[in-house]
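Asks: Sharing a structure, written as structure tokens. Questions coming.
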Amino acid sequence: MTFSLAIVGRPNVGKSTLFNRLVGKRLALVDDQPGVTRDLREGEGKLGDLRFTVIDTAGLEEATDESLQGRMRKLTERAVDMADVCLFMIDARVGVTPTDEIFADILRKRSAHVILAANKGEGSAADAGVIEAYSLGLGEPIRLSAEHGEGLPDLYSALMPLA
Ligand code: GDP
Ligand code: MG
């Protein structure tokens, strides 16, 4: 049995950096079907002995006529419905933003299985943001540095029960 993990969160928190780290060169497909999976990237994730499908959400960065909130909702709901578990990422150096709180609401209302990750967690500049992450009410945050590869054992521990 394997599982699928969708990485969600506002732009620039480090979702794609984590995706790339988990997937390495095993990018399964870049699907550009209009309107269907255009904003989702799927790959074969690997962490220790775990193998799983990982889904990167994007497409919130571009300016369009549609509101960011509307697009966030749609994209996040699609990712939640596709995946067994969502990794909801915040930027620990910035702390919890109003946009993060909207994401948390969407995930809660959708009854998503959520793993909370406080990324950019390297160094003491992230300490306050990691603690703030508890206020989202999504459990204990995993302190990660996607860029530096820190916190991966804790991510492994969170994912292991799903395998
Ligand atoms: P996304 O928009 O959520 O997919 O974010 P990206 O993965 O594109 O990353 C946004 C920016 O944050 C890039 O400049 C990354 O290099 C940087 N970044 C990602 N992870 C980390 C991290 O763990 N620490 C730091 N300091 N920067 C990071
Ligand atoms: Mg991205």
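Each value in this text was obtained by applying a stated rule to the coordinates, not by laboratory testing. Note that the structure is a prediction, hence the values are computed from the model and not measured. Every residue, glycine as well, gets a Cβ built from its backbone with ideal geometry; the counts of neighbours run over all protein chains shown.
Asks: Taking amide hydrogens as modeled 1.01 Å from N in the peptide plane, which residues meet the under 5 Å criterion relative to residue 3, leaving out close sequence neighbours?
Replies: 53
Asks: Can you give the charge dipole size of the chain about its Cα centre, rounded to the nearest 20 debye, using +1 on the beta carbon of Lys and Arg and -1 on the beta carbon of Asp and Glu? Mind dumping the intermediate values first?
Replies: Working: 19 positive and 25 negative charges, 51 e Å.
That gives a dipole near 240 debye.
Asks: Arrange the following residues from fewest to most other Cβ atoms within 10 Å of their Cβ: 74, 120, 109.
Replies: Arranged by neighbour count, lowest to highest, 74, 120, 109 become 109, 74, 120.
Asks: Given H placed 1.01 Å from N in the peptide plane, which residues other than close sequence neighbours of residue 147 have an amide H under 5 Å from its amide H?
Replies: Amide H neighbours of residue 147: 120.
Asks: Using only the Cα atoms of the chain, what do you get for the radius of gyration and for Dmax, in Å?
Replies: 14.6, 43
Asks: So how do 107, 87 line up by other beta-carbon neighbours within 10 Å, fewest first? Don't skip to the answer; put the middle values down first.
Replies: Details: 107 22, 87 26.
Least crowded to most crowded, the residues run 107, 87.
Asks: Find how much the distance from residue 147 to residue 128 grows on full extension, using 0.36 nm per residue of separation minus their present alpha carbon separation; answer in nm with one decimal.
Replies: 4.9 nm
Asks: Let me ask something additional. For a label point 7 angstrom out from the Cα of residue 97 toward its Cβ, which stretches of the range 43-77 have the backbone nitrogen within less than 19 Å?
Replies: Within reach of a label on residue 97: 57-77.
Asks: May I ask you to sort 65, 84 by Cβ crowding, counting other Cβ atoms within 10 Å and putting the fewest first? Write down the numbers at each step before the final one.
Replies: Numbers: 65 4, 84 15.
Fewest to most other Cβ atoms nearby, the residues stand as 65, 84.
Asks: Related question: Are there DSSP H segments in the chain that both extend 15 Å or more along their axis (alpha-carbon positions) and score a mean Kyte-Doolittle hydropathy of at least -1.0? List them, or say none.
Replies: Both cut-offs are met by 68-82, 98-109.
Asks: If R₀ is 22 angstrom, what is the calculated FRET efficiency for the pair residue 109 and residue 46, using the beta carbon separation as r and rounding to 0.05? All intermediate terms of the calculation are to be shown ahead of the outcome.
Replies: Values: r = 32 Å, r/R0 = 1.44.
Between residue 109 and residue 46 the formula returns 0.10.
Asks: Tell me the label-point distance for the pair residue 64, residue 156, using the 7 Å Cα-to-Cβ offset, in nm and rounded to one decimal.
Replies: That separation, rounded to one decimal, is 3.9 nm.
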